[in-house]
Amino acid sequence: MSAARQSSILKDSSLLQDIRRDWMLYAMLLPAVIWFAVFMYQPMAGLQIAFKQYSVFKGMQGSPWVGFDHFVTLFQSDFFWRAILNTLMISFYSLVLASPVPIILALMINEVQSTGFRKTVQTAVYLPHFVSFVIVAGIVIALLSPGNGLVNNALEALGLDRTYFLTRPEWFRTIYIGSSIWKEAGFDSIIYLAAIMGINPALYESAQIDGATRWQMITRITLPSILPTIAVLFVIRLGNVLEVGYEYIILLYQPTTYDTADVISTYIYRVGIQGARYDIAAAAGVFNAVVALILVLVANKLSRHFTRTGVF
Amino acid sequence: MMSRPIYSVGDRWFGRVNAILLTIFALCALYPIVYVTSLSMSSGEAGSSGQVWLWPVEWTLAAHQHVVKNSLFWISYANTFFYTVTGTLTSLALVIPAAYALSKARLRGRRVIGFFIAFTMWFHAGMIPFYLNLRDLDLLDSRWGIVIAFALNAFNVILMRNFFESVSPTFEEAARIDGANDFQILWKVYIPLAKPAIATVALLCAIARWNGYFWSMVLLKTEDKIPLQVFLKKTVIEVNITESVAGAISQQPYSLETITGAIIVLSIIPVLIVYPMIQKYFTKGVTLGGIKE
């Protein structure tokens, strides 16, 4: 920092000198900068097709401008509104039901005294994170299979009817969120465990001298100490409510469950990639990206306000 | 760590209940994998009639033998190895030098370039323009397209930069007195120091490559280029979700269910083998990437 400040006091000639001095560092940066320009920024120019009547033959430049026509079409479409609503619903339920699980898990793991048992539990609960979505979906399909899946066998044994869960819209969110918890809750607890490790042990020692129970130590020391971490991660999630796991949803949903399963990004995938209506799908993408950016900025403001530490 | 405290009766019960619940959670985490493994080792009859729930019923490896005879399974397996190895090496070759340069406070334009990279975490053009860009670059259905187009992301650059920033500048100063230039300092001093961080980034890339399916599915059309996860999607998801093939192979020692199980088990084995060794690096990655800038 001080070197940069010093040099900024000097005149323009020192800028060239600095660049000449550090040319190797610029050379190291160049490939990555080119990569970001080609694969991240160049597509941003392609966002213009959201405002054009795209034709493959005329190309991106040659296609005529149509202003906000595609956006009007989208907002008149029930399917687009359904996708927005489903995105928000899945995010909301994940926020409420799935995000507390890793916190509870971290608190529980932290209470284990035996190192061996703790390591074993951690190894087991982190494992599903490394299983791919395709395999998770494959296992979910096998478990829920109407003919011979384990869940339906159990239901039948209890005298209940067999259900083809994956074709029932009312079950989709439960299946999606439940299997997401299975896959990620363990791994997500790592960050909370790291925060717990940072708590000053003297707090626990003095609480013990005062005769506090373990439950009291959790609720009065551990939980308040990791509250900033919880708050920041909550705000990050809030900023990302439009980002739902479409790669996973695509594996699990079917036309019969679109009513609850079709989210903005799966809608974009179907209309754009599968249906080749690039302009309409790009318009939906523009809407998604702009709203997402606003949400992230608001979330960061909130985070600064509450915890005095920005997310970025 | 604290010395082991002496607990009251209530606290000891708390500990027991906690241990029992955690044991249940751990078993829940493992159960689906055990179930699929047992399913894959059961007879076709037992698999399709739903008798399997914990251990293999009528033990047989017929399903596994059937899967390993499929040449497309092995081609996709080899493809996944190719994409994982070349993809991870490409990522490292791009991430390490860039992160090193960005970690130097003296670098002019450091903040601007840092923002140029970090901005892509908050705003990206989205699926369709990204896809059309690849099409314009003629990278559809291309192995190298898969390797290069997904080689970088801002998070990995920032994670690596955070590590380089935490290294004491005295290392660089000492090397500079010995007459080393920036390339030599990175190669001989910083890379050896950064081994844990490099391992973390490498494993993040490798796991993403091994497990990812979406863009390979979208971009690759030729059958002999597809990775394992796309093969899995075609054989496990698309076949099962319609259930149209069920019963068609009932006279065999395997069934659709046991075949599905066998494909899943055979594709997950490499992950299960390396997982115990790599676990600690992921823990490091979560804390290193952290919430810092």
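The values are calculated or read from the model by the stated rules, or taken from the named source; none is laboratory data. All values derive from a computational prediction rather than experimental measurement. Here the Cβ positions follow ideal geometry from the backbone for every residue, glycine too, while neighbour counts run over all protein chains shown.
Within the range A:113-122, the presence of a residue that is under 28 Å from residue B:260 (Cβ atoms) and among the aromatic types (Phe, Trp, Tyr) is excluded. Looking across the range B:159-211, the residues that are within 30 Å of residue B:267 (Cα to Cα) and of a type outside the set (A, V, I, L, M) come down to B:195, B:196, B:200, B:205, B:209, B:210, B:211. Among the residues making up the range A:154-174, those that are buried (at least 18 other Cβ atoms within 10 Å of the Cβ) and within 20 Å of residue B:260 (Cα to Cα) are A:165, A:166.
Out of curiosity, is residue B:27 part of a helix (DSSP H, G or I) and either in the same structural domain as residue B:209 (by TED's automatic domain parsing) or modelled with pLDDT under 95 (or both)? So residue B:27 does not fit the description; no.
Say whether the condition of being free of Cβ contacts under 8 Å to residues at least 40 places away in the same chain, assigned by TED's automatic domain parsing to the domain that holds residue A:256 and assigned to a helix (DSSP H, G or I) is met by at least one residue in the range A:184-194. Yes, the range A:184-194 has at least one match.
Can you tell me which residue in the range A:48-85 is farthest from residue B:128 (Cα to Cα), limited to those that are buried (at least 16 other Cβ atoms within 10 Å of the Cβ) and touching a Ser or Thr at 6+ places or on another chain (Cβ under 6 Å)? So the residue we want is A:63.
State all residues of the range A:106-117 that are out of contact with any Leu (no Cβ under 8 Å at 6 or more places or on another chain) and either crowded, with 18+ Cβ neighbours inside 10 Å or more than 10 Å from every other protein chain (Cβ to nearest Cβ) (or both); if no residue qualifies, say none. Of everything in the range A:106-117, those that are out of contact with any Leu (no Cβ under 8 Å at 6 or more places or on another chain) and either crowded, with 18+ Cβ neighbours inside 10 Å or more than 10 Å from every other protein chain (Cβ to nearest Cβ) (or both) turn out to be A:111, A:116.
Scanning the range B:19-77 for residues that are under 20 Å from residue A:144 (Cα atoms), under 28 Å from the mean Cα position of the chain (by Cα) and of a type in the set (Val, Ile, Thr) yields B:33, B:34, B:36, B:37. Taken over the range A:80-127, the residue count meeting the criterion of being within 13 Å of residue A:187 (Cα to Cα), in contact (Cβ under 8 Å) with a residue 24 or more places away in the chain and part of a helix (DSSP H, G or I) is 12. Of the helices (runs of 4 or more DSSP H) entirely within the range B:146-233, those holding at least 2 residues that are within 26 Å of the chain's Cα centre (by Cα) occupy B:154-166, B:195-211, B:214-219, B:228-232. All conditions but one from (1) facing chain B (nearest Cβ under 7 Å); (2) of a type outside the set (S, T, N, Q); (3) over 30 Å from residue A:282 (Cβ atoms); (4) surrounded by fewer than 19 Cβ atoms within 10 Å (Cβ to Cβ) apply to residue A:16; the one that does not is (1).
Scanning the range A:250-269 for residues that are among the hydrophobic types (A, V, I, L, M, F, W, C) and away from chain B (no Cβ under 11 Å) returns A:261, A:263.
Which one of these is farther than 18 Å from residue B:203 by Cα, within 9 Å of chain A (Cβ to nearest Cβ) and assigned to a helix (DSSP H, G or I): B:119, B:115, B:73?
The match here is B:119.
Report, by residue number, each residue of the range A:198-210 that is in a helix (DSSP H, G or I) and aliphatic (A, V, I, L, M). Across the range A:198-210, the qualifying residues are A:202, A:203, A:207, A:209.
The criterion of at least 1 residues that are of a type outside the set (Val, Ile, Thr) and surrounded by fewer than 18 Cβ atoms within 10 Å (Cβ to Cβ) is met, among helices (runs of 4 or more DSSP H) falling completely within the range A:211-312, by A:214-217, A:223-239, A:258-261, A:278-307. The requirement of being modelled with pLDDT of 95 or more and surrounded by 15 or more Cβ atoms within 10 Å (Cβ to Cβ) is satisfied by residue B:150.
Residues are listed down the side, and each one gets a yes or a no for (1) within 13 Å of residue B:156 (Cβ to Cβ); (2) in contact (Cβ under 8 Å) with a residue 40 or more places away in the chain:
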{"residue": "B:102", "(1), (2)": "yes, yes"}
{"residue": "B:105", "(1), (2)": "no, no"}
{"residue": "B:112", "(1), (2)": "no, no"}
{"residue": "B:120", "(1), (2)": "yes, no"}
